[in-house]
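Peer 1: The structure that follows is given in the form of structure tokens.
Rule-based calculations on the coordinates, nothing more; no lab input. Keep in mind the model is a prediction, meaning the values are calculated, not measured. Note: ideal-geometry Cβ built from the backbone for every residue, glycine included; neighbour counts use all protein chains shown.
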Amino acid sequence: MERIGKYEIGRKLGAGATATVYLGRDSFANRDVAIKLIKPEVLNDAKEGRIHRNLLLNEASLAGKLVHPHIVQIYDAVVDPQQSYIVMEYVEGGTLEPYCDADGLLPFERIVELVFKCTRALGYANRMGVTHRDIKPANIMLTSAGGEVKISDFGAAIQVADTTRTQVVGVGSPAYMSPQQAQEMTLTHQTDIWSLGVVMYQLLTGRLPFQAANNYAMVYQICNAEVPPPSTFRAGTPPALDTIVARALQKELGTRYAEWDEFSHDLAQAFRKRELTARQSGFADSEKFETLRALPFFREFTDVEIWEATRFSRWETVAPDSVIMTDGEAGDSFGFLCEGELRVAKGGRTLNLLAPGECFGEMAVISRDGHVRGADVIAAAASKVVTIPGAALRSASEGCRMHFYEAFLDVLAQRLRRANISLSSS
């Protein structure tokens, strides 16, 4: 049987640019292990060999040091010119990456549970003098049995005991870097707090908080751009989760969570306050899709674009006489009437009655003169209403956004046609 060191080798689990990971067997400890075999050419590379060697030594030095139920344990390490490898706890399962996709989002309570466990594990690592420095969905495992979270890959970690080797610049994943890491400043555990905030944002919304075409633009966004709250892109997101993410993603260290315990506490409080159940639980995703698919407004939308719209729309049933929009007030959202009847009024005078399928409030979103309502919109009967935030529309995919604006033009053309007919007959 093939072996790496004293370990029997089974199947290949995966491969990357710098290493191949195998399923192995430690017959002495009677357990399965994962063995990360480093490619020799990586360590011998004239340009980047030194960095990779330091990262390998860094991870190897953690063997036996981080023992926590939510951290992938490192059992053994060999750093040798002929054969270098890391022996780790074998985690049967996958990473969080599929759950950061808009089509695979987890329930709010599950997201909070996973992030809470990550805060506890990273807080433990921090107390042991270790800052991970490369927190991202690909480095957070989820076990097949029980769905437990396990943080992996501490190769880029900073260790208080040896900052000369571990404070290596140019490592990490740009989209998850804190402003301090992006600017190559001296780092503390607060850089991991930022990175976990980015992961939480992705788990909540299916998108990164910063969108950029290249790494340079990404760094600029991280250091300068404001982050829209997760509720902008996922209707029904509890306000408590918006607040938690906003604090984790504060650019200044003084306003970001200072300690992991603070992050953990706020997540636990969100559980205790029972704020995590989606407010639109009465509307199944299939019902939302079929409703939008049947509306003339969405005739030219692809199925993928309609699914996108269902994710960032807010659905509710309103009682008769409920005021949905108020004349003169600021507002950056528009809506559709699915069932019932809405009354459009100005100064108490009824201007129009809206039937199912019609949209309203879009002028405040598409106008260049500010998001101000031009009339009252009131429920004339019990009604089902869909609301879409303007910020979500502006950040939607190009195809989805284009079809919204084309449909708006069609709505305006129909209204102008009806107005001309009315004027000509008066």
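Peer 1: If you place +1 on the Cβ of every Lys and Arg, -1 on the Cβ of every Asp and Glu, and leave all else neutral, what size is the dipole of the chain about its Cα centre, to the nearest 20 Debye?
Peer 2: Numbers: 45 positive and 52 negative charges, 47 e Å.
Dipole about the Cα centre, nearest 20: 220 debye.
Peer 1: Quote the charge dipole size of region 93-272 about the Cα centre in Debye, to the nearest 20; the model charges only the Cβ of Lys and Arg (+1) and of Asp and Glu (-1).
Peer 2: 60 debye
Peer 1: Calculated FRET efficiency, LYS12 and VAL411, Cβ-Cβ r, R0 51 Å, to nearest 0.05?
Peer 2: 0.35
Peer 1: Let me ask another. Can you give the Rg and Dmax of region 3-89 based on its C-alpha atoms, in angstrom?
Peer 2: When restricted to the Cα atoms of region 3-89, Rg and Dmax are 12.9, 40 Å.
Peer 1: Rounding to the nearest 20 debye, state how big the charge dipole of region 285-397 is about its Cα centre with +1 on each Lys and Arg Cβ and -1 on each Asp and Glu Cβ.
Peer 2: In total the dipole reaches around 220 debye.
Peer 1: Oh, and also: Of ARG256, ARG373, ARG293, how do they rank once you tally other Cβ atoms within 10 Å and put the fewest first?
Peer 2: By the 10 Å Cβ count, ascending: ARG293, ARG373, ARG256.
Peer 1: To continue, here is another question. Please turn the phi angles of region 237-254 into ³J(HN,Hα) values with the Karplus equation 6.51 cos²θ - 1.76 cosθ + 1.60 (θ = phi - 60°), one per residue in order, whole Hz, x for glycine and proline.
Peer 2: 4, x, x, 4, 6, 4, 5, 5, 4, 4, 6, 5, 9, 5, 5, 8, 4, x
Peer 1: As I understand it, the value is the acute angle between the Cα axis of helix 190-205 and the longest principal axis of the Cα atoms of the chain; what does it come to in degrees, rounded to 10?
Peer 2: 50 degrees
Peer 1: Another one. Please compute the contact order of the chain in relative form: average sequence separation of alpha-carbon pairs under 8 Å and at least six residues apart, divided by the residue count, as a percent.
Peer 2: That works out to 10 percent.
Peer 1: Determine by what factor the alpha-carbon radius of gyration of the chain differs from 2.2 N^0.38 Å, reporting the quotient.
Peer 2: Output field value: 1.20.
Peer 1: Could you point to the residue in ASN215, LEU351, SER313 farthest towards the positive end of the chain's charge dipole, with +1 and -1 charges on the Cβ of Lys/Arg and Asp/Glu respectively?
Peer 2: Farthest along the dipole direction, towards plus: ASN215.
Peer 1: Send over the Kirkwood Rh of region 285-397, from the inverse of the averaged 1/r over different Cα pairs, rounded to one decimal Å.
Peer 2: 14.4 Å
Peer 1: Can you compute the FRET efficiency between ALA217 and ASP285 using 1/(1 + (r/R0)^6), with r the Cβ-Cβ distance and R0 = 35 Å? Round to the nearest 0.05.
Peer 2: Given R0 = 35 Å and the Cβ-Cβ separation, E is 0.55.
Peer 1: Using packing as a proxy for protection, rank 225-234, 354-363, 319-328 so that the peptide with the highest average count of other Cβ atoms within 10 Å comes first. Don't skip to the end; give the middle numbers.
Peer 2: Numbers: 225-234: 19.4, 354-363: 17.8, 319-328: 13.7.
Output ranking for 225-234, 354-363, 319-328: 225-234, 354-363, 319-328.
Peer 1: Remind me, relative contact order of region 93-272 in percent, using alpha carbon pairs under 8 angstrom and six or more residues apart?
Peer 2: On the way: 268 pairs, mean separation 45.8, N = 180.
Rounded, it is 25 percent for region 93-272.
Peer 1: Among HIS371, LEU187, ALA225, whose Cα lies farthest out toward the positive end of the dipole of the chain, if unit charges sit on the beta carbon of Lys, Arg (+1) and Asp, Glu (-1)?
Peer 2: In the chain, that residue is LEU187.
Peer 1: In addition: Which of the aspartates and glutamates could a cross-linker span from LYS36 if the Cα-Cα distance has to be under 18 Å and same-chain partners fewer than 8 positions apart are dropped?
Peer 2: GLU2, GLU8, ASP26, GLU59, ASP76, ASP80, GLU89, GLU92, ASP134, ASP153
Peer 1: What translational diffusion coefficient, in µm²/s and rounded to a whole number, does the Stokes-Einstein relation yield for region 93-272 at 20 °C and a viscosity of 1.002 mPa s, taking the hydrodynamic radius as the Kirkwood radius over Cα pairs?
Peer 2: Answer, rounded: 131 µm²/s.
Peer 1: For the chain, find the longest principal axis of its Cα atoms and tell me its angle to the long axis of helix 108-127, 0 to 90°, nearest 10.
Peer 2: On a 0 to 90 degree scale, this one is about 30.
Peer 1: Residues with beta-carbon under 14 Å from that of ALA380, excluding ALA380: net charge, scoring Lys, Arg +1 and Asp, Glu -1?
Peer 2: The answer is -3.
Peer 1: Helix 303-312 against the longest principal axis of the chain: what's the angle in degrees, Cα atoms only, rounded to the nearest 10?
Peer 2: Around 90 degrees separate the two axes.
Peer 1: Also, quick follow-up: Grab the other residues whose beta carbon is less than 10 angstrom from that of GLY390, score K and R as +1, D and E as -1, and report the net.
Peer 2: Combined, the nearby Lys, Arg, Asp and Glu give -1.
Peer 1: Here is a further query. Normalised by the number of residues in region 285-397, what is the relative contact order in percent for Cα pairs under 8 Å and 6+ residues apart?
Peer 2: 35 percent
Peer 1: Something else about it: Where does each of 27-33, 182-188 land if you order them by average Cβ count within 10 Å, highest first?
Peer 2: 182-188, 27-33
Peer 1: May I ask you to derive the FRET efficiency for GLU2 and GLU300 from their Cβ-Cβ distance with R0 = 60 Å, giving the value to the nearest 0.05?
Peer 2: Working: r = 57 Å, r/R0 = 0.96.
It comes to 0.55.
Peer 1: Place the peptides 14-20, 125-131 in order of packing, highest mean first, counting for every residue the other Cβ atoms within 10 Å and averaging per peptide. Each step should come with its number before you reach the end.
Peer 2: Values: 14-20: 13.1, 125-131: 18.7.
Packing proxy ranking, top to bottom: 125-131, 14-20.
Peer 1: On a full-extension model of 0.36 nm per residue, what is the gain between ALA268 and ALA382, subtracting their alpha-carbon distance, rounded to one decimal in nm? Write out the running numbers ahead of the final one.
Peer 2: Details: separation 114, 0.36 × 114 = 41.04 nm, distance 3.70 nm.
Result for the pair: 37.3 nm of gain on full extension.
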